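To keep things clear, I will list the structure first and then write my remarks on it.
The values are calculated or read from the model by the stated rules, or taken from the named source; none is laboratory data. Please read all numbers here as calculations on a predicted model, not as lab measurements. Here the Cβ positions follow ideal geometry from the backbone for every residue, glycine too, while neighbour counts run over all protein chains shown.
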Amino acid sequence: MYLKKIKIRFGKKGFIGPIGDDLPSLIPIMISLLLFFSIFSFTLNIYDAQNDEIRKHITMISVARSLKGDSLITDYELFNNKCAKIKEKKFPYSFMVAIYPATGNFETLTQDFAEAGEGNFSINFLRGKDEFDDSKPYFCKYRKLGNLEFSSKRQTFSPLPFPVAVQRERNIGGEDYYIIEPAVMHMVVWG
Amino acid sequence: MRKDFFKLDSRGQAALMDSIIFLTIVASITTGMFFFTINYGTQTADRVNSFYSSDFAVDALKVITYINVLRTGEDFGRITSMGVVELDYLLALIKEDYADTKTLSPETTNAVVATLGATMRPFDRAYDYAFYLVTVSEPKNFLFVVLALHECTSYPSVCADPTDKTKEIDRVFYYCTPGISNFLEKDVFPRVGKVDSGYGKVTLSEDVGTRSESRIYIMGLQTWKARNVSTLTDLDDPANPLTCRQIIIPTP
């Protein structure tokens, strides 16, 4: 009896086959799946990119706050010690920080950082004296293990300036003075 | 039996209907997901940006109070006198002048503007700002307000033409002693967009007879993205109630 019923079913018009019969319904299903997975991957990409940007921004602010402290940098040694302490924190991104005089040239900022990453410090960087009285640039670099150098990532460059006051030795009218002057701390984060 | 036949014939259509419903559901979910994605992180990014902006204003205010100024109000890069120079802090100059006359001397006024100019120089292209000292107690009285604005300095006919690209926009400083207590809130801030603020408290003393009287002032620095504001041009017009005068500081 059961077999007979089946036979009748197969004999009905409109039946193409087990797949052929469902072919029209497969098209919307395929479109749905395609739509879902494309939007899903788009969402994931945007989500990752946005999170990455926000984390970079937070890293930037956090590092800058630690380095500039109360926005007063009294000497190179203080800056250098803070830099060494920050490096110990193992940030998830690489960063470079440089201090420029307020009257400095900021046109070549990207180039300055790219070259400083390779050890060639720009003349635009503010300089201080270390414990041996050697002139050193106010520059701090942290490169996360496995990250590329900054120059190869220049497209993602997003520098942020922070106003700071720096104490420097200056000669005015033939006399040497320690003067607190305005400066600007520039920073790049990548990785 | 007839019912069964009907079901058998409709199976393909039912599957098609199911898949269309499925497509509709997926489409609505993905639309929601798309709009979520577009807006994702904007609020957080705005919040992080506002951390930076408020940090920026507070840092700039700190730097203004930290840096040394010459008591003559001259710029370090343009000192003409040889030999020993007198260095001080801006607040010290302001306090001295206040104690003497309750107003700022021309040298201190120049020092205030020169200090602001030097501190904010790296951000000059992007920002306009107001730096002021105002009493905490009501009615609020400004000791002074320095407005640093971008202004068209070409011929008036060139400035008036919005299509003219040759106009020169320069940094202009106005030193004002306004009698109106709320002019920043009323005439400036509503027209300039987002304003970032840094504040500090300063106590200024004056001699009244044999005793000294102190007054608490708020020192404020408020920055905003540079833009042309029609109510903030030619402030040095004598008819302007803000009683401003333009101060020119030499560029280094």
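Across segment B:203-228, the qualifying residues are those that are modelled with pLDDT of 85 or more and basic (K, R), and the one among them that is farthest from B:D59 (Cα to Cα) is B:R215. Count of segment A:54-99 residues, restricted to those that are within 24 Å of B:S50 (Cβ to Cβ) and among the aromatic types (F, W, Y), is 3.
May I ask you to verify whether A:S152 is surrounded by fewer than 13 Cβ atoms within 10 Å (Cβ to Cβ), away from every other protein chain (no Cβ under 14 Å) and at pLDDT below 80? So A:S152 passes the test. Got at least one residue in segment A:95-105 being touching a Phe, Trp or Tyr at 6+ places or on another chain (Cβ under 7 Å), modelled with pLDDT of 90 or more and small (G, A, S)? Yes, there is a match, as at least one residue in segment A:95-105 is touching a Phe, Trp or Tyr at 6+ places or on another chain (Cβ under 7 Å), modelled with pLDDT of 90 or more and small (G, A, S). Filtering segment B:194-211 for residues that are surrounded by 19 or more Cβ atoms within 10 Å (Cβ to Cβ) and in a helix (DSSP H, G or I) leaves an empty set.
Results for (1) out of contact with any Lys or Arg (no Cβ under 7 Å at 6 or more places or on another chain); (2) away from chain A (no Cβ under 14 Å), shown as yes or no for each residue.
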site: B:V113; (1), (2): yes, no
site: B:R121; (1), (2): yes, no
site: B:D128; (1), (2): yes, yes
site: B:V136; (1), (2): yes, yes
site: B:P156; (1), (2): yes, yes
site: B:C159; (1), (2): no, yes
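Across segment A:26-76, which residue is nearest to B:A45 (Cα to Cα) among those that are among the charged types (D, E, K, R) and loosely packed, with under 14 Cβ neighbours inside 10 Å? Restricting to residues being among the charged types (D, E, K, R) and loosely packed, with under 14 Cβ neighbours inside 10 Å, the top hit is A:D48. Which one is surrounded by the fewest Cβ atoms within 10 Å (Cβ to Cβ) among residues in segment A:171-190 that are among the charged types (D, E, K, R) and more than 17 Å from A:P137 (Cβ to Cβ)? Only one residue fits best here, namely A:D176. Of the residues in segment B:48-63, not one is outside any helix (DSSP H, G or I), over 20 Å from A:M30 (Cβ atoms), touching a helix residue (DSSP H, G or I) at 6+ places or on another chain (Cβ under 6 Å) and at the interface with chain A (Cβ under 8 Å from one of its Cβ atoms). For segment B:128-178, a residue qualifies if it is touching a helix residue (DSSP H, G or I) at 6+ places or on another chain (Cβ under 7 Å) and surrounded by fewer than 19 Cβ atoms within 10 Å (Cβ to Cβ), and the qualifying residues are B:C152, B:D164, B:T166, B:K167. Just one of the listed residues (A:D52, A:D112, A:D70, A:D75) is under 13 Å from the mean Cα position of the chain (by Cα) and of a type outside the set (V, I, T), namely A:D52.
Looking across B:S205, B:S197, one residue alone is hydroxyl-bearing (S, T, Y) and farther than 27 Å from B:S50 by Cβ. It is B:S205. Taking the criterion of being more than 9 Å from every other protein chain (Cβ to nearest Cβ), under 15 Å from A:V97 (Cα atoms) and at pLDDT below 85, would at least one residue in segment A:176-189 satisfy it? No, segment A:176-189 contains no residue that is more than 9 Å from every other protein chain (Cβ to nearest Cβ), under 15 Å from A:V97 (Cα atoms) and at pLDDT below 85. Filtering B:R191, B:R227 for residues that are within 17 Å of the chain's Cα centre (by Cα) and assigned to a loop (DSSP other than H, G, I, E, B) leaves a single hit, B:R227.
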